[in-house]
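The structure appears right after this line, and notes come after that.
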Amino acid sequence: MIRIENLSKRYGDIVAVDGISLDVAAGGTVALTGPSGSGKSTLLHLVGAIERADSGSITVDDVEVTALRRGRLAAYRQRIGFVFQRYHLLPPLTALDNVVAPTLPYRVTYDRAARARELLDAVGLAGREKAVPSELSGGQQQRVAIARALMGEPALLLADEPTGNLDSKTGQQILDLLLTLREQRGMTILLATHEQHVAARCDRLVRLSDGAVTDDLDLRDGEDPATTLARAIQIRL
Ligand SMILES: Nc1ncnc2c1ncn2[C@@H]1O[C@H](COP(=O)(O)OP(=O)(O)OP(=O)(O)O)[C@@H](O)[C@H]1O
Ligand SMILES: [Mg+2]
């Protein structure tokens, strides 16, 4: 589903992504790990076309993202779900309006409010549609952010440390939710995480260091979860 070839991005003298090549099959959950500054967020931003690469290519399904002209970028972004590290909700807006807001600039074929309600229900927030972010817990705000990311019915969900700001129990609930939604909707999930227990529940672990891939582990080869966790722990996240 995703083919990344020799992708690079620098910020001034800093090489944030340094010649990454990576193929991701449709339907799986891939954990991007690695130390702070290793390029996880930058890679997600490039795949989500939030930032542009300096060189190399990204192809998602049949779309060569790195070759899209400005006018086509919005249409592509509409098809990708992005969950940001710090929710990025608009404080004055209700949960429902936060979910609807990003679709407003676009012509859509569905009823925005109806879909937003369905999604808030799917993430466990039925009845809280009118709450503003300050009235919601961190986990609930992240649920709103996930509902918002699903408005375009994305086949690909990119999530930047979706459990990073949450206590471990809430983090597990959010991860359970993402994995359930993935199953129900047949999405592919690429998520950045610092947490071993999060990475260990994904199908594959890709570790970055200094903008390059240093490890690429299949975590689904039939062993029991404790062994998988132990293997994941051996790789310093
Ligand atoms: N907008 C920017 N301007 C300048 N430098 C940037 C920018 N974004 C990222 N960088 C630099 O690029 C490198 C990779 O950053 P990135 O945010 O991708 O790392 P990360 O792996 O997501 O780290 P963390 O785990 O702390 O979130 C870092 O050295 C960072 O300082
Ligand atoms: Mg980051």
Q. For the chain, modelled as a Gaussian network with Cα springs under 10 Å, which listed residue fluctuates most, A49, A113, A145?
A. A113
Q: Please give every one of the lysines within straight-line cross-link reach of K130, meaning a C-alpha to C-alpha distance under 30 Å, and leave out same-chain neighbours fewer than 8 residues apart.
A: K169
Q: Take every Cα-Cα pair in the stretch 85-153 and report what % of them are more than 18 Å apart.
A: 26 percent
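Taking R0 as 25 Å, what FRET efficiency do you get between T180 and S137 from their Cβ-Cβ distance, rounded to the nearest 0.05?
Approximately 0.80, to the nearest 0.05.
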Q: Name the long-range amide H neighbours of D215: under 5 Å, sequence gap of 5 or more, or other chain; modelled H, no Pro or chain starts.
A: R207
Q: Would you kindly find the accessible area of V108, with a 1.4 Å probe and non-protein molecules such as ligands, DNA and RNA excluded, rounding to the nearest 10 Å²?
A: 30 Å²
Q | For a label point 7 Å along the Cα-to-beta-carbon line of N165, residues of the stretch 108-124 with backbone N under 20 Å | A | 120, 123-124
Q. What's the longest bit of the chain with no exposed chymotrypsin sites (Phe, Trp or Tyr not before Pro), using DSSP loop states and at most 14 other Cβ atoms within 10 Å as the test?
A. 111-237
(Q) Once you place label points 7 Å from the Cα toward the Cβ at H197 and R79, how far apart are they in nm? (A) 3.7 nm
**Q.** Computed accessible area, T180, all protein chains, 1.4 angstrom probe, square angstrom
**A.** 70 Å²
Q) If the cut-off is a Cα-Cα distance under 17 Å, which lysines reach K40, setting aside same-chain residues fewer than 8 apart in sequence? A) K9
Q: Output the relative contact order of the stretch 77-133, whole-number percent, from Cα pairs under 8 angstrom with separation of 6+ residues.
A: 49 percent
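With a 1.4 Å probe and all protein chains left in place, how much accessible area per residue does the stretch 85-153 have, in Å²? Present the calculation step by step, with values, prior to reporting the outcome.
Details: 3580 Å² over 69 residues.
I get 52 Å² per residue for the stretch 85-153.
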Q.
So the label point goes 7 Å from the Cα of T109 along Cα→C-beta, right? Which residues of the stretch 147-161 then have their backbone N under 17 Å from it?
A. 151-155
Q) Based on the Cα gyration tensor of the chain, what are the three equivalent ellipsoid semi-axes, each the root of five times an eigenvalue, rounded to whole Å and given largest first? A) 28, 23, 16
**Q.** Positive dipole terminus of the stretch 61-216, leading residue within G139, L104, L125 (C-beta point charges)
**A.** L104
Q. Ignoring any ligand, DNA or RNA, what whole percent of the accessible area of the stretch 75-165 comes from carbon and sulfur when the probe is 1.4 angstrom?
A. 49 percent
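The values are calculated or read from the model by the stated rules, or taken from the named source; none is laboratory data. Just so you know, these numbers come straight off a predicted model, no measurement behind them. Methodologically, a virtual Cβ is constructed for each residue, glycine included, from the backbone with ideal geometry; neighbour enumeration extends over all protein chains shown. Each accessible area value is taken on the protein alone, full model and side chains, heavy atoms only, with ligands, DNA and RNA left out. Shrake-Rupley method; radii C 1.70, N 1.55, O 1.52, S 1.80 Å.
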